[in-house]
Each structure stands twice: as C-alpha cells, then as structure tokens.
Amino acid sequence: MIRHSLPHNKTGLGYWYVVSQGKLFLPNDSELPRPQTLQQLELALDGTEMLCQIGEIDQLPCYLLQYQDRPEPEDHWHSARQFLMYGEQHFEHAARACQVALFLQTHKFCGQCGSSMHLVNWELAALCHKCGHRCYPRINPCVLIAVVNSQHQLLLARSARHKTGFFSILAGFVESAETLEQAAIREVAEEVGVVITNLRYAGSQPWPFPHSLMTAFIADYQSGELRCQPEEIEEAHWFDLDKLPDVPGEVTLSGQIIQQLVNANCRK
Ligand SMILES: [Zn+2]
C-alpha cells in the first residue's frame, strides 16, 4: 500500500485537492479554492486515505488527499472540468491531482511480480522493492488537428460517440513509436480521408479525462475528398471561418485554436 504521512508542516496550510473515484471535493462550487489546513476542510479521516504533495501555488504546497470511498454529500464532488473556471493554475493542479490519484489507486501492486509497491520519496514514481520495477504516472499524448483549406475554410467534425455534441477539430491518440506529426497525418487520413501538409505546432493542454496530454497542430489541406470513418465520425464539413457552427469553448485547447484561426481570418 502506498502511503505518505501527513505534512511535516504542522498546520498543513496549503491548497487541498481532495479526490475520490475521479471526482474532486469542492465545498462551495462558486468560491475560488483558497489555502486551508486539513482541519478547516472538515473532512472525516479514517486512516485509509492516501496523501502526497503534487506542487505549489504562491509558495504554498498543493496536496492531494485521496479517499477510497467518497464521503457525503454527493453534490460536493465535481469533475476536474469544474476547475477550468478557476483559471489555468487551479485546473492544472486539479488535473494533476486526479491523475496522481488514479496512479496511486492503480499501482498498489507490482505489475511484474505482484509485490506491494512503495512511493519513491524524491520523485513521483512507484517502486517495487522486490524486483525493482518502477512506474510513473501514465500520460497519453493526443493530437488535435485544425485543417484549413485555401478558401479560408476550417474542417470540423462531430464525433460518432457524441451525436448531439459540438463540431470540433479532429483529434486522436498517438500510437506507440509514432511522432506527434505522424499521428496527426494518420488520424486525419483515417477519420476523414484527407491528406494534410505543412503542420504547425499550436500548443498543448493537460486533459485529465483520465490522463491525456493534448497537443495541437494547424495544418493545410493537400488533397482528398471528405469521407468519414463511420465508427469515429458522425459528420465532417468545411466551414467558412466567419460562419462556424457551435464549437467548444475557449477553456479547451480546441476552442482556443479555433478562436485563433477566426481572429486571424478577421484581420485578413
Ligand atoms: Zn516487482
């Protein structure tokens, strides 16, 4: 069992990210997270919790406290998405808290020999003292690809998994031994049958659902007719940049890239 003792700092003053089964505790969902002691959080502890420091904000520690079973009331537990409204810094720590919590939960035992794992005290890793197997929190890289054509149109698609969802730029997971650029080219070809060229890196964002790292590219259309892969894409179209459908908000990287392209088009 991976366990860390309570903070040496007696008061435990810091930012607390309390996680249970993928949800974060927020006593008041309209109030900005503030530094508190563990006592001020007024959460009952039964000794089965896991604790570790996951970063700092304004020189104060940020702690992850993980519960096996989520204490009541249920309406105080939220998705890390909720932290997007508190700004980048809090979202980043909420994202890390969720990912580290999942890591702790899924690395109690060694995947190689089955012995108990121990948390390394100088880096975020789990180590098996018997066979030396060491694990780090999993991060799945994903690519987002905004394809534009020579008529200033943007390629947007609606996922087959969310039929009522937004139109957005294309997205996919990076496969083993693939560069981000190769993944972007492959995903666009597979999902909509289009060949792209001239890829430009456009940014990245951690996305803790459950442990992705989004990386974005803008690319130019080269050739091919739109042909949707039925398992992945419900529909895909070229949209004029001044007449876009409902797209994701700017808290998401895809929303930011779309807005960046719209703004650049307005200046033309
Ligand atoms: Zn082992």
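Within segment 32-58, being surrounded by 13 or more Cβ atoms within 10 Å (Cβ to Cβ) and at positive phi holds for one residue alone: G55. Given the condition modelled with pLDDT under 95 and exposed (fewer than 15 other Cβ atoms within 10 Å of the Cβ), answer yes or no: does some residue in segment 190-209 qualify? Yes, segment 190-209 contains at least one residue that is modelled with pLDDT under 95 and exposed (fewer than 15 other Cβ atoms within 10 Å of the Cβ).
If I ask for residues that are within 16 Å of the ligand (Cβ to nearest atom) and either modelled with pLDDT under 90 or within 21 Å of the chain's Cα centre (by Cα) (or both), which ones from segment 133-145 would you list?
C135, Y136
So in segment 100-132, with the set limited to residues that are free of Cβ contacts under 8 Å to residues at least 12 places away in the same chain and under 20 Å from Q68 (Cβ atoms), which one is nearest to the ligand (Cβ to nearest atom)? Looking at the filtered set, the residue picked out is F109.
The values are calculated or read from the model by the stated rules, or taken from the named source; none is laboratory data. Keep in mind that what you see is a predicted model, and the values were worked out from it rather than measured. All Cβ positions, even for glycine, are placed from backbone atoms using ideal geometry, and neighbour counts span all protein chains on display.
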